[in-house]
Amino acid sequence: MRVETKSGTETRSRTITGADILVRSILQEGVDVVFGYPGGAVLPVYDALYRKHVRHVLARHEQGAIHAAEGYARVSGKPGVVIATSGPGATNIVTGLMDACIDSLPLVVFTGQVATRVIGTDAFQEADVIGITAPATKHNFQVKSLTDLPRIVREAFYIAATGRPGPVLVDLPKDVCAMNVPTEPQETAMKLPGYHFTTKPESHRIQTLARAIEKAEKPVVLAGAGVLHAGASEQLRSFAEKHSLPVVSTLLGLGSFPASHPLFLGMGGMHGTYAANMAITECDLLLNIGSRFDDRLTGNLEKFAPEATIAHVDIDPVEIGKNVPADIPVLGDAAAVLERLESETGPSADKSKWLKHLKAYRQQHPLHYERSQERGCLSPQYVIERVAACAGDGAVVTTDVGQHQMWTAQYYRFERPDHWVTSGGLGTMGFGFPAAIGAQVAKPDETVVAIVGDGGFQMTLQELAVVRELNLPIKTIVLNNHALGMVRQWQEAFYEKRYAHSVPSVQPDFVQLAESYGIRGERAATEEEAEQVLTRAFRTPGPVLVDCRVRREANVFPMVAPGKGLKEMTGV
Amino acid sequence: MRRTIHAVVASKTSVLGRVSAVLSKYNLSIETLALTRKSDENGLSILRLIADVENRRQADQLIKQLNKLIDVVTAADVTERQEAGENVRI
């Protein structure tokens, strides 16, 4: 390729483009794959990626790209990188940004932008991406000068991955990327005077917390995603065992403590176990490590842990005291706090009576469901248990949002950290399937299972093409109840069974749909079929989709209805 | 309750939008606002605003959220100091 210059014609190899500098900066951050979708404003970036042979996963919709990057980030611990074009490309990623923001996933997202000279003129495919995404990102930048580009890329990766992780967006005007310069701009140091985070807790807070743990007779630990982000699962297990602390997990914290451990009480909250919710209600010390005290976890705040001293360990000062006032606020990273607690906490009170009491709750009110007696449809909880048995406890599991998500949280029984990928805070339908793509890209040798409902799957199933293209051996389990199950459940419970638009009249044949993408499709409608089909699916090397016909009337229980306290559970 | 908030912020085009987005998240309107570039500092401005918040807890949350913004170097609620007649500098 040749370019005209003032001095005549010279080869492009003697100059570099802004996009080359961008790609070089990204590679310097250790990025091994980017998820994206090309378009006009990012053509210079795609040209540079192409020339540098950077691994790029071509999603079939930008939402698919960003959820894949989230799945990648969740299981790898590294920032997921996304590239989208300007205007609609950028607006299509907003849901994923908000999802990653609320669930603390590190992403660095590059969006194309129209050229600087036309910004503000409503040019073709122009959108105010900085304005639109400011509340949905940890931070965002628009690169106005090529000189700033390497520093901004470094700052973006640093901000995304440190403190409370989150998504950072870098908006790239096309002329900045297309610009030719003779040499790379000089490296300049990061300039972030307003970016602070605290990992090491203050000593006096640790002392207060250690004394509270020593004297508590009815303590409970609430383990949130912060434990996983800090890589503190092993520390948590050792500390809980040392002081006989029963552990409740949040939805996103599942896997931070082994499900089979005798001190584990299960998930708490709206669809939590009886033992978990009663432990929170009756405890005298609630030690929250890395949970936001989300409303789905707390239920009615006035009835939440009414007897307890509340200790809240969080890396984000905004979360401490936001929903539940903290008696012992501890700002810091879960690993750093547990390390200090380990050395500072002396012998603690006897808890044998408390543990016996909780054990009785577990035995008297375990999770339970009825096997389907109907011909031609399965109990969804049974399917989850069979999938767990077939996949083994080393599998990475992603879900969408709704009933199937809650059943997976209840019945899958996660033993290991970082093998559970779900959309918690934002509750994004359409998340699970593309997230599995990112997880499988990050962990090519592990079994990855996408458990989705028929509703959410239809929001992002175009990504089947990516699974086929990369031959990703994802096992996609569709819990097909031919309904928007959770919506239907709430309509049954709270709207006198008026099923407004929750039971569509038309559904695709998911088996044929998979086959049309060249992916093996299977169907199971009886327990015998489920057993055979699931066993076969997990023995098949490539991708498989299993359409599991499940009871439409099955509901998620136990349930704490909105506005109720955690001990006011139905379906126990 | 009316709270007076002072902040040191980066002198960037988007900073006012970021600050007002935080207030908008709490459905708060700004009663008074002034943004002045500091002459003695490199690329920093002083932002002073008065907002009517619901209670002390919301005021605390607001300050935490403002401090979380990467373009805000520091933010503080100076209401009491100002009422005590102090010439507030942050």
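The values are calculated or read from the model by the stated rules, or taken from the named source; none is laboratory data. Since this is a predicted model, take the numbers as computed values, not measurements. Here Cβ is always computed from backbone atoms with ideal geometry, including for glycine, and neighbour counts include all displayed protein chains. Calculation scope for accessible area: heavy atoms of the full protein, side chains included, ligands and nucleic acids excluded. Shrake-Rupley method; radii C 1.70, N 1.55, O 1.52, S 1.80 Å.
Working out 0.36 nm times the residue gap between A:Ile132 and A:Glu446, then minus their Cα-Cα distance, what length gain in nm do you get to one decimal? Fully extending the segment from A:Ile132 to A:Glu446 adds 109.3 nm. Computed from label points 7 Å out along Cα-Cβ, the spacing between A:Gln373 and A:Ala123 is 6.8 nm.
How big is the dipole moment of chain B about its Cα centre under a simple scheme where the beta carbon of each Lys and Arg is +1, that of each Asp and Glu is -1, and everything else is neutral? Debye, nearest 20, please.
Values: 14 positive and 11 negative charges, 53 e Å.
With only Lys, Arg, Asp and Glu charged at Cβ, the dipole is about 260 debye.
For the modelled label position 7 Å from the Cα of A:Ser516 along Cα-to-Cβ, which residues of the stretch A:457-475 have backbone nitrogen atoms closer than 17 Å? A:457-469, by backbone N distance to the label point. When the alpha-carbon atoms of the stretch A:2-181 are used, the pair Rg, Dmax equals 15.6, 54 angstrom.
Total buried accessible area between A and B, probe 1.4 Å, nearest 100: 1300 Å².
Between A:Ser505 and A:Gln532, the distance separating the two model label sites (each 7 Å from Cα on the Cα→Cβ line) works out to 3.5 nm.
Positive end of the dipole of chain A, charges at C-beta (+1 Lys, Arg; -1 Asp, Glu), about the Cα centre: which of A:His261, A:Gly376, A:Phe141 has its Cα farthest in that direction? Among A:His261, A:Gly376, A:Phe141, the one farthest towards the positive end of the dipole of chain A is A:His261. In this structure, the amide hydrogen of A:Thr476, modeled 1.01 Å from its nitrogen in the peptide plane, lies closer than 5 angstrom to those of A:Ala450, A:Val544, A:Leu545, A:Val546, counting only residues at least 5 positions away or on a different chain. Look at the stretch B:60-71: the mean tally of other chain Cβ atoms within 10 Å of its residues' Cβ atoms is 5. In the stretch B:17-47, the residues whose accessible area drops by at least 40 square angstrom when the other protein chains are added to the isolated chain are B:Arg18; the probe is 1.4 Å and only protein heavy atoms count. Estimate the FRET efficiency between A:Phe197 and A:Glu344 by the formula 1/(1 + (r/R0)^6), using the beta-carbon distance for r and 22 Å for R0, to the nearest 0.05. The value I calculate is 0.45. Using the Cβ-Cβ distance between A:Thr570 and A:Thr183 with R0 set to 60 Å, the FRET efficiency works out to roughly 0.30. According to the calculation over all Cα-Cα pairs in the stretch A:203-364, the P(r) per 5 Å bin from zero is 2, 10, 21, 26, 23, 14, 4, 0, 0 %. The charge dipole of the stretch A:203-364, taken about the Cα centre with unit charges on the Cβ atoms of Lys, Arg (+1) and Asp, Glu (-1), comes to about 460 debye, rounded to the nearest 20. Rolling a 1.4 angstrom probe over the protein heavy atoms with all chains in place gives the stretch A:259-381 an accessible area of 43 Å² per residue.
Averaged over the residues of A:313-319, the number of partner chain Cβ atoms lying within 10 Å of the residue Cβ comes to 2. Along the axis of the charge dipole computed for the protein assembly as shown (Cβ charges of +1 for Lys and Arg, -1 for Asp and Glu, origin at the Cα centre), the listed residues A:Thr198, B:Thr36, B:Ala59 are led at the positive end by B:Thr36. The stretch between B:Ser11 and B:Glu83, if pulled fully straight at 0.36 nm per residue, gains 23.1 nm over its current Cα-Cα span.
Only the Cβ atoms of Lys and Arg (+1) and of Asp and Glu (-1) were treated as charged; on that basis the dipole of the protein assembly as shown about its Cα centre amounts to roughly 320 debye. What a 1.4 Å probe finds exposed on chain A is 51% carbon and sulfur by accessible area, rounded to a whole percent. Working ranking of peptides A:328-335, A:443-450, B:19-26 by packing, defined as the average number of other Cβ atoms within 10 Å per residue, highest first, is A:328-335, A:443-450, B:19-26.
Which loop GluC sites (Glu not before Pro) in the stretch B:1-88, with loop taken from DSSP, have no more than 10 other Cβ atoms within 10 angstrom of their Cβ? Write out the running numbers ahead of the final one.
Numbers: sites: B:Glu31, B:Glu41, B:Glu54, B:Glu80, B:Glu83, B:Glu86; in loops: B:Glu41, B:Glu54, B:Glu86.
Qualifying residues, ordered by number: B:Glu86.
With one equal scatterer per alpha carbon and no solvent term, the Debye-computed log10 I(q)/I(0) for the stretch A:79-195 at 0.09, 0.11 1/Å reads -0.23, -0.34. Each residue of the stretch B:72-86 in order: what ³J(HN,Hα) in whole Hz does its phi give by Karplus 6.51 cos²θ - 1.76 cosθ + 1.60, θ = phi - 60°, with x for Gly and Pro? Ordered by residue, 3J(HN,Hα) equals 9, 6, 7, 9, 8, 8, 10, 3, 5, 4, 5, 5, 7, x, 6 Hz.
Other residues with beta-carbon under 15 Å from the beta-carbon of B:Gly17 carry, at +1 per Lys or Arg and -1 per Asp or Glu, a net charge of 0. Counting only lysines at least 8 places from B:Lys25 when in the same chain, those with an alpha carbon closer than 20 Å to its own are A:Lys138, A:Lys322, B:Lys64, B:Lys68. When peptides A:399-407, A:142-150, A:65-73, A:482-490 are ranked by their average number of other Cβ atoms within 10 Å per residue, the highest-first order is A:65-73, A:399-407, A:482-490, A:142-150. In the frame of its principal axes, the stretch A:317-438 has Cα extents of 58, 39, 30 Å, reported largest first. The mean number of partner chain beta-carbon atoms within 10 angstrom of a residue's beta-carbon across peptide A:120-131 is 1. Computed over chain A, the convex hull of the alpha-carbon atoms projects to a mean area of 27.8 nm².
Rg(Cα) of the stretch B:2-74 divided by 2.2 N^0.38 Å?
1.04
For the pair B:Asn27 and A:Asp295, a Förster radius of 25 Å applied to the C-beta separation gives a FRET efficiency near 0.90, rounded to the nearest 0.05. Which residues in the stretch A:63-105 have a backbone N closer than 18 Å to a point placed 7 Å from the Cα of A:Ala115 along the Cα-to-Cβ line? The answer is A:86-87. Model label sites at A:Thr540 and B:Ala34, defined 7 Å from Cα along the beta-carbon direction, differ in position by 7.1 nm.
With each run of n ≥ 4 DSSP H residues scored as -39500 (n - 2.57), what mean residue ellipticity at 222 nm is computed for the protein assembly as shown after dividing by its residue count and rounding to the nearest 500 deg cm²/dmol? Walk me through the intermediate numbers first.
On the way: 26 runs with 242 residues, N = 662.
Mean residue ellipticity, 222 nm, calculated: -10500 deg cm²/dmol.
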